[in-house]
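Worksheet: the structure to be examined is printed underneath.
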Amino acid sequence: MKYRLVLLFVAFIVANRSDSQTWNTNNTENLSTVDGIIHALYDAISGPVGEERNWDKFRNLFAENARMYSAVPVKDSSAALRCITPQEYAERNKTRFSDIGFYEEELYRITNTFGAGTQVLSTYELHFTNKDGEQEITKGINNIQLFFDGDRYFIVSVFWDANSKNIEVPERYLPKDKHTEFQINL
């Protein structure tokens, strides 16, 4: 009887351990690669009208104390810096992205890595429905900083210009052909 209880206890612990590992890695993306975490970021925020985003998956991409920054236009044609947490980003966009059919797709990437840190300039194309019900397409660049802990990447910060629809993306940040990537490893 004691052996059965011990065996049952061991089986219970193994089952719980595998459940917790499944929760942390239950992504179709491989977060142990730069490619995987960048695709996971774009995938987490993109989707059609009426589709709720997986905000738990989104928050799981970020390091503790991570921040998201955007340059927003102000009345005198200058810009102001806004800072939010990934949680605040999720709360602000919980229904908005579902309402407008928000799709952000990576077009081109420049990656610089040194040690555990990686800087990614990720050119994107954004498709969404504006307040007048019209489809809009714009391009921009996400500046993404990553931390690699030896097992997986975490997003430390993301910076973008919220006025990117009025700014042309320089040619050097656009793909030469489909899926072109320029990689620098230091």
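Nothing in this text is a laboratory measurement; each read-out follows from the coordinates by a stated rule. Fair warning: this is a prediction, and the values are worked out from it, not measured in the lab. No Cβ is skipped: glycine too gets one built from the backbone with ideal geometry, and neighbour counts run over all protein chains shown.
Based on what the data block shows, is residue 67 more than 23 Å from residue 169 (Cβ to Cβ), out of contact with any Phe, Trp or Tyr (no Cβ under 7 Å at 6 or more places or on another chain), part of a strand (DSSP E or B) and in contact (Cβ under 8 Å) with a residue 40 or more places away in the chain? Yes. Summed over the range 70-86, the residues that are assigned to a strand (DSSP E or B) and either more than 15 Å from the chain's Cα centre (by Cα) or under 19 Å from residue 153 (Cβ atoms) (or both) give a count of 8.
A single entry from 113, 85, 129 fulfils the requirement of being in contact (Cβ under 8 Å) with a residue 40 or more places away in the chain and under 22 Å from residue 34 (Cα atoms): 113.
Quick check, is residue 113 of a type outside the set (Asp, Glu) and more than 17 Å from residue 63 (Cα to Cα)?
Taking the combined requirement at face value, the residue satisfies it.
When the range 84-124 is filtered for residues that are over 25 Å from residue 169 (Cα atoms), in contact with a strand residue (DSSP E or B) (Cβ under 9 Å, 6 or more places away or on another chain) and hydroxyl-bearing (Ser, Thr, Tyr), only 85 remains.
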